[in-house]
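Inspection log for the structure reproduced underneath, given as structure tokens.
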Amino acid sequence: MSRKILVLDTTLRDGEQVPGAKLNLHEKIELAHQLKALNVDIIEAGFAASSQGDFNSIKEIASQIGNGSIMITALARAVKSDIDAVYQSIKMAQNPLIHIVLGTSEVHVNKKFNKTMEEVMEMGVDAVKYAKTLMPHVQYSTEDASRSEFEYLWKTIEAVVKAGATMINIPDTVGYAVPEEFGELIGKLNYRLKNLNDKVILSVHCHNDTGLATANTLAAIKNGADKIECTINGLGERAGNAALEEVVMAMKLRSAYYDAHTDINTKEICRTSRLVSNLTGLDIQVNKAITGDNAFAHSSGIHQDGLLKDRAVYEVIAPEDVGVEKMDIILTARSGRHAFRNAAEKLGYRYHSETEFEALFNQFLELADAKKEVYDYDVYYLLQRHNSSRADGGHGSAGAGLDLYELVSFQVISNDIFPTATIKLKKGNETFKHSAVGDGPIDALYTAIKDITGLDVDLKEYKISSMSRGKEALGRVSIRICHDEKIYTARAMDTDVIKASALALINGLNAIILEKVN
């Protein structure tokens, strides 16, 4: 029978240690609610003794979120004052857990604590005994375990288990481990621990200093680990931690190999990832596994051809499984005939001959070379121009009589009193002009565009990224908008990011119009 692997999310503790990722109380509670929707087993809500603000946020999360089966924990050093702070902050939760951390490697014992091995072990045992008088569940983390001498590591584990620890966590604190070696370590510890007390849960916490956090975590699962500690988007100290989404989806994809599963609601993965990115202000790299913008985007003609024949050709994970709306076929100069034909037929185009299609495809390639990325509305206008030049007048062609919005000109004034935007759009033979104020220049610009089109859309995500270097760098704006409870993704590029912002929204609104017709 498949083993259930517990998932502890430490985004609110280890993830918040990233410079610039500090969250306020409201943001922490919002993220904790989303982690509950994701169905993690344990939320590590912070480091209670670090500040009054952290203590208060942990206490609020324990009160609001810890009212069901989900466990709430916070970190403590092996000192009484830290353990007391954790106890006071999480005692309102139905399932509280005290988490104690203390180093076991020679460098930690000698350099960090300046104590003997025996003295440090005694500190750990005393801390667990005290924590056990406060709460039934105590986790003990052997910090820097992957660089520890094995027999000392085991003696420490044996001693704290006898003192009452119910979970033993093996951290690869500085990303020193490699999968084969770490898997072997976990296998040996698992064998001894199960013989000592088979009720104690064996856990791992891997850092990503050499890019092996996910691989080390999976090797640990394969070798008997019962619990994993992760963060959303792999956030964490230095190069970060094992990314929850990567470990969970690797297990789901290869469940037979690992003979293990989690109870994570994978359809909430993308929503959680975006929330963490938005709250922390830390962008997700575009090629990030599972949650990056390009994780389910395809621009190679060979890949697009295969996907259009059968998605299994180049997708082993369905985007819908992680909460992504759909795979994204990006039309570029590398796109082949199959991808362009699919985009054209999606807009209702029916060509009369292969010669006609080839001429149209060559026009598309010229456009793609000039624009880098081609969107549905670009294809639509290409088809319209082609149809109008046909001798038969384009009868039965794509989108007959349908006009889309085009940007004519715009002006944006940014200040701290009344940021304003004036925009002129064209739709067919009609021209529209409108001005609006907003909280900032983009808000004013988007309000003016929405007022002209009359489409009720809600901006869910707005992101700018640089596509090249120098003062003439291309800025790429990516947005997600919601209309009639459906999400639409749109992009645009320009050296002027304000213009790219306007074009991105217009592209999204045109996509809504095209879908309503087709």
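Computed values, structure above
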read-out: Surface share of carbon and sulfur [accessible, 1.4 angstrom probe, percent] for the chain; value: 50
read-out: Label-to-label distance, nm, for residues given as LYS424 and ASN39 (7 Å Cα→Cβ offset); value: 5.5
read-out: Karplus-derived 3J(HN,Hα), 6.51/-1.76/1.60, for each residue of the range 437-446, Hz, glycine and proline x; value: 10, x, 6, x, x, 5, 4, 5, 4, 5
read-out: Amide H contacts under 5 Å for GLU143, placed H, 5+ residues apart; value: LEU102, GLY103, THR104
read-out: Antiparallel bridge percentage (DSSP; both residues within the chain; nearest 5); value: 45
read-out: FRET efficiency, 1/(1 + (r/R0)^6) with R0 25 Å, evaluated for GLU315 and ALA256 via beta carbons; value: 0.85
read-out: Listed residues ASP451, ASP144, ASP496 arranged by accessible area, highest first, probe 1.4 Å; value: ASP451, ASP496, ASP144
read-out: Ellipticity estimate at 222 nm from DSSP helix runs (n ≥ 4, -39,500 (n - 2.57)) divided over the chain, nearest 500; value: -13000 deg cm²/dmol
read-out: Accessible solvent surface per residue of the chain, calculated while the other protein chains remain in place, 1.4 angstrom probe, Å²; value: 45
read-out: Charge dipole magnitude, Cβ of K and R +1, D and E -1 - the chain, Cα centre, debye nearest 20; value: 240
read-out: Long-range HN-HN contacts of HIS137 with modeled amide H, under 5 Å; value: ILE98
read-out: ASP458 versus SER414: modelled label distance in nm, points set 7 Å from Cα along the beta carbon direction; value: 2.7
read-out: Formal net charge of residues neighbouring PHE410 (Cβ-Cβ distance under 11 Å; K, R +1; D, E -1); value: +2
read-out: Mean Cβ neighbour count within 10 Å, used as a protection proxy, ranking 200-206, 103-109 highest first; value: 200-206, 103-109
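The values are calculated or read from the model by the stated rules, or taken from the named source; none is laboratory data. Treat the numbers as computed from the prediction; the structure is a model and nothing was measured. Cβ: placed from backbone, ideal geometry, glycine included. Neighbour counts: every protein chain shown. Side chains included, ligands, DNA and RNA excluded: accessible areas come from the protein's heavy atoms. Shrake-Rupley method; radii C 1.70, N 1.55, O 1.52, S 1.80 Å.
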